[in-house]
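J.: Here it is, the structure in full.
The values are calculated or read from the model by the stated rules, or taken from the named source; none is laboratory data. Everything numeric in this text was worked out from a predicted model, so none of it was measured. Neighbour counts are summed over all protein chains in view; Cβ atoms, including those assigned to glycine, are modelled from backbone coordinates with ideal geometry. Each accessible area value is taken on the protein alone, full model and side chains, heavy atoms only, with ligands, DNA and RNA left out. Shrake-Rupley method; radii C 1.70, N 1.55, O 1.52, S 1.80 Å.
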Amino acid sequence: MDKQHPSAPTCARPRIPHQFAQQHPRGVTHVKVRHTARFTVIGNHLAQHPQLSGLAIGLGVHIQSLPTGARVDIRTLTDRFPEGETRIASALRELEAHGYLTRTRHRLPSGHVVTRTVSYNQPGVNEIPVREP
């Protein structure tokens, strides 16, 4: 390494336009495109929650992006994500503890026990929408 190569760049070239690199020399630069279909609005209180694990934040975002009636039980989530059953269950408990989910068990007339999950995009708002027949 005693020879210098004048043709080699002195540093890596940024992959972002030069004007952005000059305005924001450190940290993240966002390239934003407005979504017009198939998107979900997620609050920063979830996306940047200081006490939730990355897995809990990811599951919370995933659950909020699903349509009403979608299955969000541990088995379904374990089939969807590479994390195991124990980690998924723990992340769901985190979301419950911080008010993003409630899970209640109900016994059906057939005797089967089902879990009803309610997802809240704003913790502390406990209004459950009434389904129209």
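J.: Set the Förster radius R0 to 35 Å, insert the Cβ-Cβ distance between ARG105 and PHE39 as r into 1/(1 + (r/R0)^6), and round the FRET efficiency to 0.05. Spell out each step's value before the answer.
T.: Numbers: r = 33 Å, r/R0 = 0.93.
Between ARG105 and PHE39 the formula returns 0.60.
J.: Leaving out ligands, DNA and RNA, and with a 1.4 Å probe, what % of the accessible surface on the range 44-119 is carbon or sulfur? If you can, show how the numbers build up before the last one.
T.: Numbers: 2450 of 4900 Å².
Carbon-and-sulfur percentage of accessible area, whole number: 50.
J.: Also: Assuming R0 = 22 Å, what is the FRET efficiency of THR76 and SER53, from their Cβ-Cβ distance, to the nearest 0.05?
T.: Working: r = 20 Å, r/R0 = 0.89.
Computed FRET efficiency for THR76 and SER53: 0.65.
J.: If you don't mind, another one. Could you give me the ³J(HN,Hα) list for the range 33-45, computed from phi with Karplus coefficients 6.51, -1.76, 1.60 and θ = phi - 60°, whole Hz, x at Gly and Pro?
T.: Once θ is set to phi - 60°, the couplings for the range 33-45 become 10, 5, 7, 10, 8, 6, 9, 10, 8, 10, x, 4, 4 Hz.
J.: Let me ask another. What are the principal axis extents of the Cα atoms in the range 21-92, in Å, biggest first?
T.: 48, 29, 21
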